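Have a look at the structure below before the remarks.
The values are calculated or read from the model by the stated rules, or taken from the named source; none is laboratory data. Since the model is a prediction, treat every value here as computed from it, not as a measurement. Here Cβ is always computed from backbone atoms with ideal geometry, including for glycine, and neighbour counts include all displayed protein chains.
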Amino acid sequence: MKQKGPGSSHQGNTFSLLMNYVYRDKPLLAKALLLLLLATAADVTGPILAKIYIDDYLLQSNYHIPSLALLLIFYLISQLSAAWLRYQQTLRFTDMALAAVLDIRKRAFSHILKLPMRFFDHAMTGQLVSRITNDTEAIKDLYVQFLSVVLTNTILLFGIIVAMGILNIQLMFFALLLIPAVISVIFLYQKLSGAAVAKTRELRSEINANISESISGMSVIQESNQQQKFIKQFSDLNNSYYQARMRSIKASAALLRPAIDLLSILALLGIIWGFGQQVVEGVAEIGVLYAFLSYLGRFTEPLAEITQRFNLYQQAMVAGNRVYQLIEETEEQPLGVINEIDNGHLLFKDINFHYQPGKTVLRQLDIDIPPGNLYAVVGHTGSGKSTLLNLLLNFYQPSTGQILIDNQKLTQYSHQSLRSGIGLIPQEPFILAATIYDNIDMGRGLKQSEIEQAAQKAHLHDVIKTMPEGYQTMLGERGVRLSTGQRQQLVIARALATSPKILLLDEATASVDSETEQVVQRALDDLHGTVTMIVVAHRLSTIRNADRILVLSHGEIIESGSHHQLMATPDSLYRSMYQLQQQARLVEETEHSH
Amino acid sequence: MTLFNNLSWFFREHWRTYLVALLMLAGVAMLNLAVPYLIGLAIDELITATETTTAETDIRPYLLALFVLGIGVYALRYGWRLILFGTSYRLGSILRARFYQRLCKQGQAFYSINSTGDLMARATNDVDAIELAAGEGVLSGFDGLLTFILVLIIMFAVIDWRLTLVALMPFPVMAWAFHRISRSVHQHFQQALDCFSRLNQKTQEALSGIRLVKAMGREEIESQAFSSISEQAADSNYRVAQAEACYDPVIHVCLSTALLFTMSYGTWLIWQQQLSIGQLASFTMYLGQLIWPMFAFGWLLNIVERGSAAFKRVDQLLKTADTINDKAVLTPTGAELRVRNLTFSYPNSHTATLNQLSFDLPAGKVLAIVGPTGSGKTTLIQLLMRQWQSEPDMILMDGLALSQYSLKALRDQYAYVPQDSFLFSISIAENIALTSPSASQDEIEAVAKIACIHQDILSFPEAYQTQVGERGVTLSGGQRQRICIARALLSKAPVLILDDALSAVDVHTEQQIITHLKDSRNEQSSIIISHRLSAVEHADETLVLTHGCLQQQGNHDQLITQDGWYSRMWTYQRMEARLEET
C-alpha cells in the first residue's frame, strides 16, 4: 500500500529510499500481507458466528447440541488462529522494519567513513553520530509504528466495515459516521494543542539548558552570592513550564480519549436506535445487534491509532531526510592502480594548499627527499607542518602542484599500496582494547612472522615474550597497562608491520618523557638509510641526526639544512628555537628540585 | 510501594485533590458499568417486542439514559485527568525546584564527584519517572482495582454468579501472562538501550578518530565492528517487539476462551430459563471491561519500579548535606589575609596539594602567585574563599578564622575572576552587573573601560544589550575574560582575585589592563595568578609555588636576581617573545 502523507512531495527522494526497503524483500512483504488479511478475516468472523448462534439457535430456542458445539468450536478456532496470525504478522513487519534500519545504518556508517577528510572539517561529530544512531532509530518508528500500525488498523477497519455490511447495511452506515467524527476531533485537537505542545517542549529544553548552565556556572553564582536570584529565575521558568503543561493537558483531556469515548457511546446510541426502527419494521435480528456491539468496541481504537500516527510519520520523514542527505554526500575519489611503492623517493613539486579559499596554508613548496633519507620539519603551531603529512596521506589534495612517489603521481597508487607503503606514527599512541597481536595487525591480516619482525624492529619483541600470554596478552582497560614508552614502541611496530617504504612521524606536542624520547630516537636511528622518513618534530633534540631539517613559517620553507649547518647560522630561527628549548629545560629542572 | 510511602508528604498535602480525582475516577467506573447493563435491558425490551410482535416498544428512556451517561462520563474523565495529572505535574515542579535549591548549596567538593550529565539526568528523567508514578501510577492502580471490583460485583450479584465463575477462569492466566510479558519487555528494553548506547559510542569513537581510521585503512574493520553492534541492537529491538507482540494474542485468546465458556454455559442457563439473552449480551461486554484492570496491574508494577529507582537517586541528592557548613554569623571588618602553615590535601588523595604555606596580604597590596601547572595555585585561591574546608586557624581574615564568618559575608570580601571565564546566556550588561544588579549603565561602562572591553562591546549588534551564547554573539576567549574582569571590578569588593584571567588576552592589552587596575584600585588588595610573568612584574610580593611548596618569595627585582624558577622563566618568556616577533 502506498501511503503518501502530508509534506512528502518535496521529500520524494527520501520517500522512495524508504519505500524501497518495503519492496526489497517481496516474499516477506507478501507473507506479511497475507497473514494480515487472514488474521483480519479470522478476527471479524467471530461476531458473525455469535450472531448466527444467537439468531438461529438461542432466539429460536433451538438447543441442538452438536450444531451448537460445532459453532462454538468454529468460534474458538477462528479466534485462536486470529491471535496466532496477528502475532506472526506483527513479527513479520517488525522484521522488515529492523532489517531496513539495520541496512540503512550500515550503509550510512560505511559511507561516512569513505567521505573525504574535507567533509569532516566542517561536520560536527555529535551531529553525525546523531544522524547515524538517533535519526535511523526514528526511521524505525516509521516502519514499525506507521507502516505496521496504520496498515494493520486500516485493514482491520475495512474488515469490520465489510462484516458490518454483510450483517446489516443500514446499521453499517451509522458506524461509518464515526470515521469523519473521530478524524475531525483529532485534527481539532492537533490544531488547538499544537501551540501549547510546542511551548511545553520549548520550555522543557529551556529548563534543561538552565540547569546545565547553572551547574557549570555554580561556582560563579556562589562566589558572587547570587543564589537567591538564580533560584527565583529557575522557579519562574519551572512555573511557566507547569502552566504550559496544564494548557496542553486541558486540550488533550477535552479532545482525546474522553471525546473519542463519548463519540463511541453516541454511535452505540445510534445503532440501538436504528435497530429499534428496524424492529418496528419487523426486519431486525437480535444477533446482528450483538455482533455490531462487539464490532463497535473495536472500531474507535484503530481510528484513533491511525490519526495519532501521522505525527510520528512527519518526524520520521524529517529524520529520513537527514540520513538521505548524508548518504548522498560524494565519496572519496577512487585512487589509481599501482600496487607497490618500490623505493620511497618523495617529491613535492610546487605545492600550494589552502583549507579555505584565501587562507593559504602551504606556499610554493618544493621538497625532494631521496629514498632512505630522514627529513625533519619544524616550525610554530600553524606553520603547516601537519598539513604536509595530511597531503602525503592523501587526506587532502594540493590546490596546485603535485606529490610524486618514485616519479609517479600519488593518486596513481591504489588505496591499499598507500596504506601499506606509508606508515604513520601519530601524535597520540592509540591502543585498542585487544591483544598485542591485534594491536599490531590492526585488522590488516598480517602473518605472525611479519608481526614479530615489526615488534623486533621496535625493540618490543623481548618484552612481549616475557608476558604470560605473549602476543595474545590483552591490552586496554581490563588488560595489561603498558608504559608510555612501550605504547610508543607498539605504535612504531604497528607502523612498521607492513614494511613501509615511507614512514611519517607526528611527534607528540606535549612534553614527552625521556623514556619515550629514547624509544623514538632509537627507532629513527635503526631505520635511517632504509626507509624514507618525514618527522614533524617538536623536540628538536630528537632530530639532530636528520639529513635535512626544514624550518616552516607561515607555509613557506624559510631555512633548510642539517642541524650543524642551521646552528652555525647566526640569527637563524632554528637556532633561536633550539635555545628556547634549552631554556625550557632549565625551567623544568627547577620545577622538580625542592 | 515504598515509593508511595516516600511521597506520602505530598499525598498528605494534596489529599483533597487526590480524593476528588479518585472520586471522579470511581464515578467513571460506575457509570461505565451502567452502559452494558442498559444495553442489556434495551435488548431484552427489543426481544420482547419481536416476540410479542406488538411493535410497540419504547427504548427511548434507555437511549436517553445512555446519552446522559455518556455526557457524564465525558465530564468526569475530563475532570480527573486535569486534577490527577495536574497534581503530578505540581509534584514534578516542586521536586525540580528543591533539586535546584540543593544544587545552589553545594560546593566544589560536591561538583568534583558528581558529573553534570548525571545531575542533569536526575533533574530531568528521574523527576519525570517519579511524576509518572504519582500520576499514571496512582491512576492505573486505583482505577484498575476499582473497575475490577465493581465489574466482579455486578457479574456476581446482578447477573449470575455461576456464569461469572465459569467465565473468569482464563483471567488469572491473563494476569500472570501480563506480568511475565511486562517483565520481559522491561528486561529486553534495558538491553536495547544498552546496545543503543554502545552504538552511539562506537560511532563517536570512529568519527572522532577518523584520521587514524583512514591512515590505517581501517574503514572495513570499523564498518564490520559497527555492523555487528547494529545487528545486536536490531536483535534486542526484535526481542522487545516480540515480547510486546505477546500482549495482543494473550488478550485475544483469554477473552475468546472466556467468551466461549460464557456462551456455552450461558446457553445452558438460557435453556433452563435462568438467564435472558440481554443479560448474556451485557455479560460479554463486562468481560471486555476486565482487560484494562489486568493490564493496569502489570503496568503499575513497572511504573512504580522505575519511579522508586528514580526517587532513590533524586532523594539521595536532596538529602546531601551542604558541602561547607555555614552556621557562623560574623562579618569581617577588614580584609587582611594571614596564612600560616597551610597544608591541604583533597579528599581521597594521599599527597598534599599544598604544603606548609605561610604569607600575608595586607590591605591595598598586590600579591602574585606563579609556578608551573598543577602547583596548587587555584587550590590556594579556593581555600581562601572557603570553597573547600581547610584545617581551622590556618587562614585568618581580619584576625579571625574563615569559619567564623558567614559564607555570604566572607565571599562579599572577594571579587573573583576564575580561570574558565564563565558567562551566562543573558545580555552582556547583565553579565557584568551579575553581582550588582542595581548598577547604572555608566558604572557598567566605567568598569568595561578599565577591563579594555568597552570598544569590543560597542561593536556588537546591540552593544551592551547583546545576548551572550547561542542566541547572541559568540565571544572569543579574551573577550570573555575581559567581561569577567569587568564583572569583578563592578563589585568593589576589598580583595580582587584574578586566577590566570588574562591568559587569552594579548600582551599589549594585558599591560593596559594591569595599568588601569593599578590606577583605579588604591585601597583594595589584589591576588593575581598568571603564567605570564609580565603581568605580575609590579606585584608587591610574588610567591613561586612548585608542587604545593613555596619555593621562592619576594618582589620582581629580588626574584630576578636569584637563580630559580622565576628568573629562568623570565628569561624563557623574553626569548619566546622575541622569537614571536620575528
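Assorted remarks:
Residue by residue, here is whether (1) at the interface with another protein chain (Cβ under 7 Å from one of its Cβ atoms); (2) farther than 30 Å from residue A:151 by Cβ; (3) of a type in the set (A, V, I, L, M, F, W, C); (4) surrounded by fewer than 18 Cβ atoms within 10 Å (Cβ to Cβ) holds:
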position	(1), (2), (3), (4)
A:83	yes, no, yes, no
A:86	yes, no, no, no
A:89	no, no, no, no
A:92	no, no, no, no
A:97	no, no, yes, no
A:102	yes, no, yes, no
A:116	no, yes, no, yes
A:120	yes, yes, yes, no
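- Of note, residue B:294 satisfies the criterion of being of a type outside the set (Gly, Ala, Ser), touching a helix residue (DSSP H, G or I) at 6+ places or on another chain (Cβ under 7 Å), surrounded by 19 or more Cβ atoms within 10 Å (Cβ to Cβ) and in contact (Cβ under 8 Å) with a residue 60 or more places away in the chain.
- Residue that is part of a loop (DSSP other than H, G, I, E, B) and either touching a residue at least 60 places away in the same chain (Cβ under 8 Å) or assigned by TED's automatic domain parsing to the domain that holds residue B:577 (or both), where the choices are B:439, B:493: B:493
- Residue list for segment B:239-275, restricted to those being of a type in the set (Val, Ile, Thr), closer than 20 Å to residue A:78 by Cβ and facing another protein chain (nearest Cβ under 9 Å): B:250, B:251, B:253, B:257, B:267
- Scanning segment B:216-238 for residues that are more than 8 Å from chain A (Cβ to nearest Cβ) and of a type in the set (Val, Ile, Thr) yields one hit, B:229.
- Which listed residue, of B:571, B:509, B:542, B:515, is touching a Gly at 6+ places or on another chain (Cβ under 8 Å) and in a helix (DSSP H, G or I): B:509
- Criterion: over 13 Å from residue A:215 (Cα atoms) and either part of a helix (DSSP H, G or I) or of a type in the set (Asp, Glu) (or both) - qualifying residue of B:112, B:140: B:140
- The helices (runs of 4 or more DSSP H) found wholly in segment A:165-261 and carrying at least 2 residues that are more than 28 Å from residue B:67 (Cβ to Cβ) occupy A:178-216, A:218-223, A:227-255.
- Failed item, numbered, when residue A:452 is tested on (1) in a loop (DSSP other than H, G, I, E, B); (2) more than 21 Å from residue A:373 (Cα to Cα): (1)
- Residue satisfying condition, being at the interface with chain A (Cβ under 10 Å from one of its Cβ atoms) and either in contact with an Asp or Glu (Cβ under 7 Å, 6 or more places away or on another chain) or assigned to a helix (DSSP H, G or I) (or both), within set B:123, B:129, B:134: B:123
- Residue B:20 being more than 12 Å from chain A (Cβ to nearest Cβ) and in a helix (DSSP H, G or I): yes
- Within segment A:576-594, restricting attention to residues that are surrounded by fewer than 17 Cβ atoms within 10 Å (Cβ to Cβ) and charged (D, E, K, R), the residue that is farthest from residue B:565 (Cα to Cα) is A:585.
- Filtering segment B:395-410 to residues that are buried (at least 21 other Cβ atoms within 10 Å of the Cβ) and within 9 Å of chain A (Cβ to nearest Cβ) leaves only B:407.
- Screening segment B:74-85 for residues that are touching a residue at least 40 places away in the same chain (Cβ under 8 Å) and facing chain A (nearest Cβ under 7 Å) and picking the one that is farthest from residue B:13 (Cα to Cα) gives B:77.
- Test: residue in segment A:479-492 that is modelled with pLDDT under 80, outside the structural domain of residue A:539 (by TED's automatic domain parsing) and surrounded by 18 or more Cβ atoms within 10 Å (Cβ to Cβ): yes
- Across segment B:176-215, the number of residues qualifying as more than 12 Å from every other protein chain (Cβ to nearest Cβ) and loosely packed, with under 15 Cβ neighbours inside 10 Å comes to 5.
- Every pair of residues 6+ apart whose Cβ atoms lie under 8 Å, when the first sits in segment A:205-230 and is modelled with pLDDT under 85 and surrounded by fewer than 16 Cβ atoms within 10 Å (Cβ to Cβ) while the second is of a type in the set (S, T, N, Q) and part of a helix (DSSP H, G or I): A:208/B:124; A:216/B:116
Yes/no per residue for (1) more than 22 Å from residue B:526 (Cβ to Cβ); (2) under 40 Å from the mean Cα position of the chain (by Cα); (3) hydrophobic (A, V, I, L, M, F, W, C):
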site: B:312; (1), (2), (3): yes, yes, no
site: B:316; (1), (2), (3): yes, yes, no
site: B:321; (1), (2), (3): yes, yes, yes
site: B:329; (1), (2), (3): yes, yes, yes
site: B:340; (1), (2), (3): no, no, no
site: B:343; (1), (2), (3): yes, yes, no
site: B:353; (1), (2), (3): yes, yes, no
site: B:359; (1), (2), (3): no, no, yes
site: B:364; (1), (2), (3): no, no, no
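- Taken together, B:421, B:425 contain a single residue that is within 14 Å of another protein chain (Cβ to nearest Cβ), crowded, with 21+ Cβ neighbours inside 10 Å and not in a strand (DSSP E or B), which is B:421.
- In segment A:243-250 there is no residue that is without any contact (Cβ under 8 Å) to a residue 40 or more places away in the chain, β-branched (Val, Ile, Thr), facing chain B (nearest Cβ under 7 Å) and farther than 21 Å from residue A:198 by Cα.
- Check on residue B:67, crowded, with 21+ Cβ neighbours inside 10 Å and facing another protein chain (nearest Cβ under 7 Å): no
- Residue in segment A:304-322 that is outside any helix (DSSP H, G or I), more than 14 Å from every other protein chain (Cβ to nearest Cβ) and among the β-branched types (Val, Ile, Thr) present: no
- Within segment B:314-339, considering residues that are among the charged types (D, E, K, R) and within 15 Å of residue B:110 (Cβ to Cβ), the one modelled with the highest pLDDT: B:319
- Restricted to segment A:384-446, the set of helices (runs of 4 or more DSSP H) holding at least 1 residues that are touching a residue at least 24 places away in the same chain (Cβ under 8 Å) and outside the structural domain of residue A:506 (by TED's automatic domain parsing) comprises A:436-441.
- Out of A:320, A:270, A:297, sole residue that is at pLDDT 80 or above and surrounded by fewer than 20 Cβ atoms within 10 Å (Cβ to Cβ): A:270
- Subset of segment B:347-361 (residues that are in contact with a strand residue (DSSP E or B) (Cβ under 7 Å, 6 or more places away or on another chain) and either surrounded by fewer than 18 Cβ atoms within 10 Å (Cβ to Cβ) or small (Gly, Ala, Ser) (or both)): B:352, B:356, B:358, B:359, B:360
- Residue in segment A:557-572 that is surrounded by fewer than 18 Cβ atoms within 10 Å (Cβ to Cβ), closer than 30 Å to residue B:373 by Cβ and in the same structural domain as residue A:520 (by TED's automatic domain parsing) present: no
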